[in-house]
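The values are calculated or read from the model by the stated rules, or taken from the named source; none is laboratory data. Everything numeric here is computed off the predicted structure, so don't read it as measured data. Every residue, glycine as well, gets a Cβ built from its backbone with ideal geometry; the counts of neighbours run over all protein chains shown. Heavy atoms of the whole protein, side chains included, go into the accessibility calculation; ligands, DNA and RNA do not. Shrake-Rupley method; radii C 1.70, N 1.55, O 1.52, S 1.80 Å.
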Amino acid sequence: MTAITADLVQRLSRHTPKVVVVGDAILDVWLSGHSDRLCREAPAPVVEVGERALSAGGAANTAVNLAAMGAEVRFVSLVGDDDAGRELRELLAGQGVDTQHVVVQPGRRSVSKHRVVADDQVLVRFDEGDDAEADGDLAKRVAAALELAVEDADALLICDYGNGLFGSTVRNSVAKAREELPLVVVDAHDCSRWREITPDLVTPNAGEAARLLDISLPENGKRAELFERRRADLVGATGAKAVVVTLDRDGALLLAPDAPGYRTWADPVPESQASGAGDTFVAALCLGAAASLPLTASMELAQAAACIVVGKSGTSVCTWTELSVALTRDAALDHDELTELVARHREAGQTVVFTNGCFDVLHRGHITYLNEAKRQGDVLIVAVNSDDSVRRLKGPDRPVNTAQDRAAVLSALSCVDYVTVFDEDTPINLLRRLEPELYVKGGDYAENMLKEAPVVRSYGGEVRALGYVPEQSTTSVIEKIRTSSAVKGEA
């Protein structure tokens, strides 16, 4: 597992892949002001607009997010030769997006979405513009623009939201270019339309995934489990090498044919006027994959970026700088602060899950185990052995990484809610203090091996053993590293 840390983000910021985004071009207009009276004609508020703000929407917002995170972005789309189209192209160019492949059609009205906001409350949205399907010569112009844009590109991101851009002519152009493209990602209302090009990744939301399976969506807490059970059907319906189902407030789920499902979790935030967090997620996911990060790491990167955007207002983007700042926060909580937080979660009726370990060199076994631990309840606490404690348990040449570094890596995982450090050989004192409902350990531990088990049972808690991933242990990973280093030294 590649750890999502501030150092990794810094390295990624110097990676500038050429990414082509093809999809709808929307101008988002935000009219903000104050309202304290109703109009005479109808019981409707009168808004005194004090600010008009413009931002890119739809596929254009995905393009802006990619540019903000350092990609060299070429945007292929269709706009009218009108004020909205000109404003959008100027906005995109000002944010570092190459617009020379945007086709401008005289007589067509560019799509714009206007939101009227009074005192931070959206009152109404009205949409304008043409979304008729591009056909004939117009479709040929878009296809030609796409063929030019994908030359020497590292990735193609298809944003197909049913806006009329992707008729057979344009889809045939994509199919023709597919073999030369290292990475193809599809974000579409109907991913099955792109099955024949065998995308590397598709990113339907929960509703779109349910329609692909021709099923009704269950309640929020059961959606991930349902899609995981139907993994083969989703992969088959989309023709993709991997499927990422976005679950809004519930995070996202990665489904690949030969690996267990991998979840990310979204940070809970207050209601806001944020728009376009899904575009941010897809952009960061594409960048991570283009940089050859493992898909699980790309998922964590995308979730972290989306969580930053939902804390903003309007149609927003995430930058590498913002990600670095978010990932450099103090990762480990002291026991007093953690005790207060646990009490709040308990008052809210949430189930607290607790696990512990050295977590010296994070590997796939750890990630699989922590992902499963999070699914057991609502809040996951990971208690990390201090450096002195690790030395007593593992020997004088351990740990490889300091407690602060281990805590930082763990806290960057979306499945981990809180990290704390303890000095004793076991977390018994911390368990007595926090009294988590569930104490979980990996499947290589039996309950009778755990000194902590009687303590957990004494206050009414439950001890639960989770799955075990064979051949995945920190000791074996370190031994492989040392063996490899010795062989290289002899050579």
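Helix-only mean residue ellipticity at 222 nm, the chain, DSSP H runs n ≥ 4 weighted -39,500 (n - 2.57), per residue, nearest 500. What is it?
-11000 deg cm²/dmol
With 5 Å bins from zero, work out the P(r) of segment 335-480 over every alpha carbon pair and list the percent per bin.
The distribution over segment 335-480 is 2, 10, 19, 24, 23, 14, 6, 2, 0, 0, given as percents.
Quick one: give the max-minus-min coordinate of the C-alpha atoms of the chain along each principal axis, largest first, in Å.
The Cα atoms of the chain stretch 76, 70, 41 Å along the principal axes, largest first.
How much of the DSSP beta bridge set in the chain is antiparallel, as a percent to the nearest 5?
Of the beta bridges lying entirely in the chain, close to 30 percent run antiparallel.
With every protein chain in place, what's the accessible area of L393 (1.4 Å probe, Å², nearest 10)?
90 Å²
If one computes P(r) from the Cα atoms of segment 182-265, what percent of pairs lie at distances over 14 Å?
Of all Cα-Cα distances in segment 182-265, 56 percent exceed 14 Å.
Using a 1.4 Å probe on the protein chains only, how many percent of the accessible area of segment 201-312 belongs to carbon and sulfur?
With neighbouring chains kept in place, the figure for segment 201-312 is 49 percent.
Taking the Kirkwood radius as the inverse of the mean 1/r across Cα pairs, report the Rg/Rh of segment 113-239.
1.05
So what is log10(I(q)/I(0)) for segment 274-420 at q = 0.14, 0.15, 0.19 1/Å, when the Debye sum runs over its Cα atoms only?
With no solvent term, the Cα-only Debye profile gives -0.78, -0.89, -1.26.
Using a 1.4 angstrom probe on the protein heavy atoms only, could you order M449, M299 from most to least accessible area?
The residues order as M449, M299, largest area first.
Over segment 18-80, what portion of Cα pair distances is larger than 14 Å, expressed as a whole percent?
More than 14 Å apart: 66 percent of the Cα pairs in segment 18-80.
Carbon-plus-sulfur fraction of the accessible area of segment 335-480, 1.4 Å probe, in percent?
46 percent
Can you find, among G96, V150, L217, the residue sitting farthest towards the positive end of the charge dipole of segment 80-232, where Lys and Arg contribute +1 and Asp and Glu -1 at Cβ?
L217
How much accessible area per residue does segment 335-480 have, in Å², with a 1.4 Å probe?
46 Å²
Please give me, ordered by residue number, the GluC sites (Glu not before Pro) of segment 164-271 that lie in loop per DSSP and have at most 16 other Cβ atoms within 10 Å.
E219, E271
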